[in-house]
Amino acid sequence: AYGNFLIQAPLGILSNSLILPILTKFSKLKADKKYVELGKNLTIGIEYCFLTTIFLTAFFITFNNQIVQLAFQRGAFDLEAVNQVRKILIAYSIGIPFYLYRDLLVRTYYSIEKTKLPFKLSLLGILLNIFFDWILIRVLTPYNLEIEGIILSSAAVNFIICSILSINLKNFNLRLPFSLLFVKILLISLSAVITGYICLSIFQNVPQVNTFIEKVFVLILELLTFFIIYFLITKFLKVNSFKIYQKKI
C-alpha cells in the first residue's frame, strides 16, 4: 500500500495532464475521419508518455531509499520497513511506463468508440495475472520475489495488453510507426540509465541527514540534479529533436 501510494500520485497527475486533454481531440478527428491526423496526435501522446514515465522510473529507482525515508520513516516505520517498501517501490517503478501507456491506449479506444477489445483484454489480464503470479512466486520461489513478484506480474500483463492494443490499431486505420517509436524509447531509456548512474556517483557520499527539512532539501536537490542531467543527455542524444510525427505514418 505504501509503495503503491508513491507511484499512483505522480501517475494520476500525468494521466490527467497528458491524456485527458487529447481525448476530445481524438473523438473529433475520428468523427471527421481524419485518421492520419489522429495517428500523428496519438504518436505525439506516446512520445510524451514514455519521456515522462521513463524519467519517473529512473528517478524512483535511483533515489528509492531517500524517497521512502522522507515519506514514511517515523514512529513504528523503522529502517526494516523502509527496506521492504523501497524494494516494492522499485518493482512498481519498472511498470510505470506500461501503466500509463495502457491508460492512453484504452482511452484512445474509447474515444474512437471501439470498446470491445479493451473490455476483453481486461478479462484476459485477470487470467494472465494469475499465471504470472504463479510463475514469479511459486515457480521462482528460490529468488524470493514474493510481493515484488505480484507487482512485476502486473507490469508484464500491462506490457502484453499494450502490445495487443497497439498492433490492433491498424484495424481502425491507425498505423503507428513502431520502428521509429522503438528507437526513440531506446534513446530515452539510455538517457535515463546514464542519468541514474551519474546521480548515484554524485550523491553516494552525501552525509546522512536526520531532520525532515534536511531530507526535503536533499531530495529536492537530487530531483533538480536528476532533471538537469536527464535534460542535457536527451539533448546530447538528440532525443527531443527526433520528431516522429514529422515522418510519414
- Taking only region 157-206 into account, find how many residues are of a type outside the set (A, V, I, L, M), loosely packed, with under 14 Cβ neighbours inside 10 Å and over 22 Å from K40 (Cα atoms). 4
- Item | In region 170-190, the residues that are among the small types (G, A, S) and at pLDDT 90 or above | S189
- Item | Conditions (1) assigned to a loop (DSSP other than H, G, I, E, B); (2) at pLDDT 90 or above; (3) among the β-branched types (V, I, T); number of the one not met by V239 | (2)
- Counting only residues that are open to solvent by less than 20 Å² (accessible area, probe 1.4 Å) and over 25 Å from I228 (Cα atoms), give me the helices (runs of 4 or more DSSP H) lying completely in region 1-117 with at least 1 of them. 2-14, 20-31, 35-62, 79-94, 96-111
- Task: Select from region 207-223 the residues that are in contact (Cβ under 8 Å) with a residue 40 or more places away in the chain and either under 23 Å from T52 (Cα atoms) or out of contact with any Leu (no Cβ under 7 Å at 6 or more places or on another chain) (or both) and write down the one among them that is most open to solvent (accessible area, probe 1.4 Å).
- Result: F212
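The values are calculated or read from the model by the stated rules, or taken from the named source; none is laboratory data. Because the structure is a prediction, the values reported are computed rather than measured. Backbone-built Cβ (ideal geometry, glycine too); neighbour counts: all protein chains shown. Surface accessibility is based on the protein's heavy atoms, side chains included, excluding ligands, DNA and RNA. Shrake-Rupley method; radii C 1.70, N 1.55, O 1.52, S 1.80 Å.
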